[in-house]
Amino acid sequence: MKTMLNVALPKGRLGEKVYAMFEKAGFPCPSIKENNRKLIFENQDVGVRYFWVKPSDVAIYVERGAADIGVAGKDILDEYKPDIYELLDLNMGKCDMCVAAKSDFVDDRAKTLTVATKFTNIAKAHYASLGRDIDIIHLNGSIEIAPILELADVIVDIVETGTTLKENNLVVVERFMPISARLIANKANFMFKNEQIEKIMSSLLEQTEK
Ligand code: PRP
C-alpha cells in the first residue's frame, strides 16, 4: 500500500478551490465531491487522505503531525506562530488585517486605546510597534459590534470585500498587514514524505503563477 499523505483543508470556499488544485497536482479524491457532511476522504490509489477542518485549526493539525500538509491563512500563522514550515504563498484568499472604527472616531493619543479583536497577538504587536498603550478585549466573532456598543474604541480584524464594515457603519482606519493563504507542512513529515510534498508544491507553484 502507498504511504498516505494527510492533507488538512480549510472548510469553505477557499478549501474547495485548494482541493481543485491538489486534484490537478495528481492527488484526486472523487468521493470528496459526493458527500458534504463527511469530514475525511481518501483515495488509496494515489495515496492521499483529505480532511476538512475549521480554517483556524489547520495549523494545529499540521503542527502536531495529524496532517502532513495543509492550507492556512497568514493571519493564523502570525497570530499563533505554529512550529511548521511555510512552503508556499498560494496568492489566494487575499485580504488585509485592519484597524477599523466608527466613522466619527477621533483618536485621543493621550488615552489608552481599547481594541477588540480575535487576533490578540497581532493587535498587541502592531500597537507595540507604534509605541501605543492599549487595552485588549478578546472576542471570538462579530467583532464589528464592539465599537457600535462602545465596548471598544477600535477593532483589529480581517477585511476582504469591506461589506461587513460598511453594513455596520464602520470604516477602515489603517490597513497594516496583507494576508493570503499559505501551504504549510509538518516539519518531520516534510522529510518523510518529501517526494509527495515536493510534487504538490511544484504543481501548486505552477498553478498559482498562471
Ligand atoms: C471575517 C472578518 C469579518 C469578515 C470580513 O469573518 O472577521 O467579519 O470576514 O469580510 P468582508 O470584508 O468581505 O465583509 P469570517 O467570515 O472569517 O467569520 P468569523 O467572524 O466567524 O471568523
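We did not get these values from a lab; they are worked out from the coordinates using the rules stated. Not measured: the values here are computed from a predicted model. Here the Cβ is made from the backbone with ideal geometry for all residues, glycine too, and neighbour counts use every protein chain on show.
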- [ ] Quick one: compute the contact order of segment 4-116, relative version, from alpha carbon pairs under 8 angstrom and 6+ residues apart, as a percent.
- [x] 29
Task: Zone of S203's modelled label, taken as backbone nitrogen in segment 4-38 under 13 Å from a point 7 Å along Cα→Cβ - done: 5, 18-30
Task: Sum of side-chain charges, L113 neighbourhood, beta-carbon under 11 Å (Lys, Arg +1; Asp, Glu -1) - done: -2
- [ ] Filter the trypsin sites (Lys or Arg not before Pro) in segment 113-146 to those in DSSP coil with at most 14 other Cβ atoms within 10 Å of their Cβ, and list the result.
- [x] R132
Open item on the list: Can you pull out the trypsin sites (Lys or Arg not before Pro) in segment 23-53 whose DSSP state is coil and whose Cβ has at most 13 other Cβ atoms within 10 Å?
Closed with: R37, K38
TODO: Starting from segment 1-69, pick out the GluC sites (Glu not before Pro) whose DSSP state is loop and whose Cβ has at most 10 other Cβ atoms within 10 Å.
DONE: E34
- [ ] Would you mind computing, in nm to one decimal, how far apart the modelled labels at A188 and N121 are, each placed 7 Å from Cα along Cα→Cβ?
- [x] 2.1
Open item on the list: At 222 nm, what value in deg cm²/dmol follows for the chain if DSSP H runs of at least 4 each add -39500 (n - 2.57) and the sum is divided by all its residues, to the nearest 500?
Closed with: -8500 deg cm²/dmol
Task: Fully extended contour minus Cα-Cα distance, from K54 to H138, at 0.36 nm per residue - done: 28.3 nm
TODO: Compute the FRET efficiency between Q44 and L130 as 1/(1 + (r/R0)^6), taking r as their Cβ-Cβ distance and R0 = 30 Å, and round to the nearest 0.05.
DONE: 0.05
TODO: Using a cut-off of 14 Å between beta-carbons, work out the net charge of the residues near D57 (Lys and Arg +1, Asp and Glu -1, D57 not included).
DONE: +1
TODO: Would you mind checking K94/K166; K17/K193; K33/K166; K38/K124 for any pair whose Cα atoms are more than 30 angstrom apart?
DONE: K33/K166; K38/K124
